1. Name every residue in the range 209-241 that is within 13 Å of the ligand (Cβ to nearest atom), open to solvent by 20 Å² or more (accessible area, probe 1.4 Å) and small (Gly, Ala, Ser), in order of residue number.
2. Listed residues Lys99, Lys83; which is more than 16 Å from Val248 (Cα to Cα) and free of Cβ contacts under 8 Å to residues at least 40 places away in the same chain?
3. Among the numbered conditions (1) at pLDDT 95 or above; (2) open to solvent by 20 Å² or more (accessible area, probe 1.4 Å); (3) of a type outside the set (Val, Ile, Thr); (4) farther than 30 Å from Glu214 by Cβ, tell me where Leu270 comes up short.
4. Select from the range 88-124 the residues that are assigned to a helix (DSSP H, G or I) and within 16 Å of the ligand (Cβ to nearest atom) and write down the one among them that is farthest from Phe216 (Cα to Cα).
5. Under the condition of being out of contact with any Phe, Trp or Tyr (no Cβ under 7 Å at 6 or more places or on another chain) and surrounded by 14 or more Cβ atoms within 10 Å (Cβ to Cβ), which residue from the range 71-82 is nearest to Thr22 (Cα to Cα)?
6. When residues of the range 11-43 are filtered for being assigned to a helix (DSSP H, G or I) and open to solvent by less than 10 Å² (accessible area, probe 1.4 Å), how many remain?
7. What tally of residues in the range 172-197 results from selecting those that are farther than 24 Å from Leu130 by Cβ and either aromatic (Phe, Trp, Tyr) or assigned to a strand (DSSP E or B) (or both)?
8. Kindly indicate the residue of the range 125-148 that is assigned to a loop (DSSP other than H, G, I, E, B) and within 12 Å of the ligand (Cβ to nearest atom) and also least open to solvent (accessible area, probe 1.4 Å) among those meeting that condition.
Amino acid sequence: MKPVRKAIFPVAGFGTRFLPATKAVPKEMLPVVDRPLIQYAVDEARAAGIEQMIFVTGRNKYAIEDYFDAAYEIESDLAAKNKTQFLDILESTRLAPGKAAFVRQQQMLGLGHAVGCARDLVGDEPFAVLLPDELLWNPGNPCLKQMIATYENKGGNVVAVLEIPEDQTHKYGIVDPGAVDGAVTEVRKMVEKPAAGTAPSRLALVGRYILQPEIFALLDKGERGAGGEIQLTDAMAKLIGSQAFHAVTFDGDRHDCGDNAGFIQANIALALERPEIADSVRAFIRKIV
Ligand code: G1P
């Protein structure tokens, strides 16, 4: 079984829900406490052993590339002032040359199209996809690491899922579950944004995927699905039957940072885990609620 060495981060979206901030700042650069959203996804990938990060970007997303580069002026200034704790933080966020690649999605045709844009950079090997909007939080055993454990056991394709309320199923990719073995469920079918009342289960895709390269030929067909977009879910659904396909129920906390309320909640939840600010944040919340 080939190891999963590469990860795709689709980051071309306009971030409409975060206008006006996203007029000038990519959504993925908005901070949760003090780290941009994209950093959480990259850290998760690194913790799962991913070696190469592939960002599918768009116009006005330069800040993401700059962010993972060295920051010479700041670093030399911090070094001169002997502020080593900040230097260490900067060092930990940098991606070495060759470990980060950027490709542009030239048309906004959906998630499946975005993933397809990375095809030549991925080549003929399995890869991960992480949607940075979904902040999946379990620092002890990050989501992609949980999925890699299943991949090493079962091979094929692995997606992360969580049970969501019935009235939310129309917003997500939903899995039709087969045999269940602990946190691992066989996937029989998959449907993107099913109409209300038609979802095969309450198990929703939460933005983490391990996929085989055969998906690219299916994405290339450019077939349109929900919302008139080229959907990753539709291409995945076509792999079922010819390749192993499993869902792992994520063990951890999910914050939907594509949503304004979810983004604020992520900030509060993660702030409460930071010893240096937790007490004052907690005291403030107690005071105002
Ligand atoms: C995308 C996927 C969907 C998945 C969701 C998770 O939808 O198409 O299958 O459930 O991410 O956040 P989007 O949120 O881009 O509409």
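1. Within the range 209-241, Gly225, Ala226, Gly227, Gly228, Ala237 meet the criteria.
2. Lys83 is the lone residue from the list that is more than 16 Å from Val248 (Cα to Cα) and free of Cβ contacts under 8 Å to residues at least 40 places away in the same chain.
3. Leu270 satisfies every listed condition except (2).
4. Looking at the filtered set, the residue picked out is Leu111.
5. Ala71
6. Residues meeting the conditions: 6.
7. Result for the range 172-197: 5.
8. Ranking the qualifying residues of the range 125-148, first place goes to Pro132.
The values are calculated or read from the model by the stated rules, or taken from the named source; none is laboratory data. Remember, predicted model here, so these are calculated numbers, not experimental data. When we count neighbours, we look across all protein chains shown, and the Cβ atoms used for this are built from the backbone with ideal geometry, even at glycine. Side chains included, ligands, DNA and RNA excluded: accessible areas come from the protein's heavy atoms. Shrake-Rupley method; radii C 1.70, N 1.55, O 1.52, S 1.80 Å.
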